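Undergrad: I have a structure I would like to understand better, so I am pasting it below and will then ask my questions one at a time.
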Amino acid sequence: DQLNLEAKDSVYASDNMLCFKNEDFPNGLCVLCPMYWKSRRLERNPAIAQWIKEKCGYETILDLTYFEEEDKALEGLGATVIDWKGRCIYACSSNRANEDVVAELAKQMTLHSKKDYEYYMVDGRDPRSNDIIFHTVGFLSINTKLAIIMSECVVDLSKRKELLERLKGNYEVMEVSYDEYYNCVTCPVEFNNGINGKSGLVVSTLFDGNVSESNRKRFEELFCPILVLNLETHELVGGAAIQCCIQIVPL
């Protein structure tokens, strides 16, 4: 009864909220994120945050939506990629990821965890169309053991090199081709209910049909099971990836 019928894009669950529960945030931290488009601000459902607090045992709800008054945004899982080993928030500069908000998120994560978190901003563009990349997960994702990246999306060559070096300090790095990037190979969703000590992975049919054989083999070595969902309408019509459709709530 709290769903706003004017929230036309509310099928995308991940952008207005971030949920952290791990060794640094053992009691749970739920972040309410500022959205760029006014129509997308209607997607927030207070009942979901309340459910996360009461049913999932999250101690803290951090509300950053006040940045919307300044038209500053940070669109959740799409705009941020978090390196938990390096305690760094990676974000691609755009109207969906304002540096002031990213800095405040890093500050609040430091305060709540009592660990030092930093942030690292890059300028990203599609290598062929030169369009600004407004969601960082379009070209970068970091899983427990594996970082997946289309590094050509990072415009500044020195930053590109530095980003790869930072990632290689903590993860195995898989570089993907343009076609793989374009077909959402950078955007799987990891889950911890895996088999034989491995994490599981949720991917889309677009991913499944366009990943290279060498990268497919490595995914199969690292993850089990790999679940394939049909999201063709979301991906081909809505311009979304699988991460847009799943709100990750670590338990």
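The values are calculated or read from the model by the stated rules, or taken from the named source; none is laboratory data. Note that this is a predicted model, so its numbers are computed, not measured. With ideal geometry, Cβ positions are generated from the backbone for all residues, glycine too; neighbour counts draw on all protein chains shown. These accessible areas exclude ligands, DNA and RNA; they are computed on the full protein's heavy atoms, side chains included. Shrake-Rupley method; radii C 1.70, N 1.55, O 1.52, S 1.80 Å.
Undergrad: Can you confirm whether S94 is in contact with a helix residue (DSSP H, G or I) (Cβ under 9 Å, 6 or more places away or on another chain), under 30 Å from V173 (Cα atoms) and not β-branched (V, I, T)?
TA: Numbers: in contact with a helix residue (DSSP H, G or I) (Cβ under 9 Å, 6 or more places away or on another chain): yes; under 30 Å from V173 (Cα atoms): yes; not β-branched (V, I, T): yes.
So S94 passes the test.
Undergrad: For the stretch 12-42, how many residues meet the condition of being outside any loop (DSSP other than H, G, I, E, B), crowded, with 18+ Cβ neighbours inside 10 Å and of a type outside the set (A, V, I, L, M, F, W, C)?
TA: The qualifying residues number 1.
Undergrad: Restricting to the stretch 213-226, give me the number of residues that are open to solvent by 80 Å² or more (accessible area, probe 1.4 Å) and either under 19 Å from the mean Cα position of the chain (by Cα) or among the aliphatic types (A, V, I, L, M) (or both). Even if it seems obvious, please write down each step before you answer.
TA: First, pick out the residues of the stretch 213-226 that are open to solvent by 80 Å² or more (accessible area, probe 1.4 Å): 213-214, 217, 220-221.
Restricting the remaining residues to those that are either under 19 Å from the mean Cα position of the chain (by Cα) or among the aliphatic types (A, V, I, L, M) (or both) gives none.
The number of residues fulfilling the criteria is 0.
Undergrad: Within the set of pairs 6+ apart or on separate chains, which have a first residue in the stretch 57-82 that is closer than 24 Å to N143 by Cα, a second that is assigned to a loop (DSSP other than H, G, I, E, B) and of a type in the set (F, W, Y), and C-beta atoms under 7 Å apart?
TA: What qualifies is E75/Y36.
Undergrad: Sticking with this one: Among the residues in the stretch 94-102, are any of a type in the set (S, T, Y), in contact with a strand residue (DSSP E or B) (Cβ under 8 Å, 6 or more places away or on another chain) and over 25 Å from N27 (Cβ atoms)?
TA: So far as the stretch 94-102 goes, yes, one or more of its residues are of a type in the set (S, T, Y), in contact with a strand residue (DSSP E or B) (Cβ under 8 Å, 6 or more places away or on another chain) and over 25 Å from N27 (Cβ atoms).
Undergrad: Mind counting the residues in the stretch 175-189 that are at pLDDT 95 or above and open to solvent by 40 Å² or more (accessible area, probe 1.4 Å)?
TA: 3
Undergrad: Here's something else I'd like to know. I'd like to check something: does the stretch 123-131 contain any residue that is within 24 Å of E23 (Cα to Cα) and either touching a helix residue (DSSP H, G or I) at 6+ places or on another chain (Cβ under 7 Å) or open to solvent by less than 40 Å² (accessible area, probe 1.4 Å) (or both)? Step through it out loud before you land on a result.
TA: Filtering the stretch 123-131 for residues within 24 Å of E23 (Cα to Cα) gives none.
Among the residues of the stretch 123-131, not one is within 24 Å of E23 (Cα to Cα) and either touching a helix residue (DSSP H, G or I) at 6+ places or on another chain (Cβ under 7 Å) or open to solvent by less than 40 Å² (accessible area, probe 1.4 Å) (or both), which makes the answer no.
Undergrad: So, one more: Run D9 past the list (1) open to solvent by less than 50 Å² (accessible area, probe 1.4 Å); (2) more than 18 Å from T136 (Cα to Cα); (3) at pLDDT below 90; (4) among the acidic types (D, E) and report the number of the one that doesn't hold.
TA: If we test D9 against (1) open to solvent by less than 50 Å² (accessible area, probe 1.4 Å); (2) more than 18 Å from T136 (Cα to Cα); (3) at pLDDT below 90; (4) among the acidic types (D, E), just (1) comes out false.
Every residue, every condition in (1) in contact with a Phe, Trp or Tyr (Cβ under 8 Å, 6 or more places away or on another chain); (2) open to solvent by 70 Å² or more (accessible area, probe 1.4 Å), yes or no:
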{"site": "L140", "(1), (2)": "yes, no"}
{"site": "L146", "(1), (2)": "yes, no"}
{"site": "E162", "(1), (2)": "no, yes"}
{"site": "Y171", "(1), (2)": "no, no"}
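Residues are listed down the side, and each one gets a yes or a no for (1) hydroxyl-bearing (S, T, Y); (2) in contact with a Gly (Cβ under 7 Å, 6 or more places away or on another chain); (3) free of Cβ contacts under 8 Å to residues at least 60 places away in the same chain; (4) more than 29 Å from L236 (Cβ to Cβ):
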| residue | (1), (2), (3), (4) |
| --- | --- |
| S141 | yes, no, no, no |
| S158 | yes, no, yes, yes |
| L167 | no, no, no, yes |
| N170 | no, yes, no, yes |
